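Below: the structure, in structure tokens.
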Amino acid sequence: MNSGTNIALHDRRPVSIRPISAHGLATMPGDRRATHVGAYANYVYITRQRGQDSRGVIDYRHRGDLIACGLELPPRHPVWAGEPGRIWREVDAACENAAPDAVRAWHIVLTLPDDLPEPEWQPVVRDFVRDTLVRRGAAVAWALHALRDASGGWLVRPHAHLLMTTRGWKHNTSFGRSIPAWHGAAVRSAIHADWLALLPQGMRQAATAPYRYGGYMPAHPDCSRIDHLLGSM
């Protein structure tokens, strides 16, 4: 990771888009290490569950900040796709012999608007997922995290994690193949611009670019979408 601080990512960057690939195993120490390489490990992490993949047992039940979680799928999806974790286990299996830098999925972190009331957190995140990502045919798992302290302040500032497929997940000829509409620069720019459009001005000004495919250095997306929606920043 290109981080020189221990401050949580969602407090430093209102939009983060990180590739999940085997290469990621070497970039992160600690209990989140597996989430950088496996899609299923990411699923277990964001939903604060216990599971097991090819690297062993992964358990995030001790983190007490899960507010809600779910899975968004296109209207015409197979029944089996709703089985908890199945899409992500199959993505990992399909990529088992892929190149170390082959992207299995995107891990997206979105800081929620400061002025957004708690009852609106879930509707706003789900609408964003459907309108920006699922309409392209991708599968997206989402989770909301937040945790208050005894005085009502934030121990964990409200934010959302999204796990988005970059490869064909239905059992057809595209299964396991990288899908340009989910994997390319256009969708990453759309994620960045569409979420920033929902944030108050101060949070937009604090935003930095999403992660670039193939690495962990900041990129510079096309901001014309933001300018069109909001005017020049």
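The values are calculated or read from the model by the stated rules, or taken from the named source; none is laboratory data. Predicted, not measured: the structure shown is a model, and the values here were computed from it. Quick reminder, even Gly has a Cβ in these numbers, built from the backbone with ideal geometry, and neighbours come from all protein chains shown.
Structure notes:
- Residue under evaluation residue 179, criteria (1) β-branched (Val, Ile, Thr); (2) more than 15 Å from the chain's Cα centre (by Cα); (3) under 26 Å from residue 49 (Cβ atoms), criterion not met: (3)
- Inside the stretch 176-203, residues that are without any contact (Cβ under 8 Å) to a residue 40 or more places away in the chain and farther than 26 Å from residue 115 by Cα make up a count of 5.
- Residue ranges of helices (runs of 4 or more DSSP H) in the stretch 119-233 with at least 1 members at pLDDT 90 or above and surrounded by fewer than 16 Cβ atoms within 10 Å (Cβ to Cβ): 121-128, 180-183, 185-196
- Answer from 53, 101, 92 - the residue that is in contact (Cβ under 8 Å) with a residue 24 or more places away in the chain, exposed (fewer than 14 other Cβ atoms within 10 Å of the Cβ) and over 19 Å from residue 145 (Cβ atoms): 101
- Taking the listed residues 38, 85, 70, the one that is within 26 Å of residue 128 (Cα to Cα), modelled with pLDDT of 85 or more, within 17 Å of the chain's Cα centre (by Cα) and buried (at least 21 other Cβ atoms within 10 Å of the Cβ) is 38, with no other qualifying.
Per-residue answers, yes or no, for (1) without any contact (Cβ under 8 Å) to a residue 40 or more places away in the chain; (2) under 18 Å from residue 15 (Cβ atoms); (3) polar (S, T, N, Q):
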residue: 42; (1), (2), (3): no, yes, yes
residue: 73; (1), (2), (3): no, no, no
residue: 109; (1), (2), (3): no, yes, no
residue: 115; (1), (2), (3): no, yes, no
residue: 124; (1), (2), (3): no, yes, no
residue: 135; (1), (2), (3): no, no, no
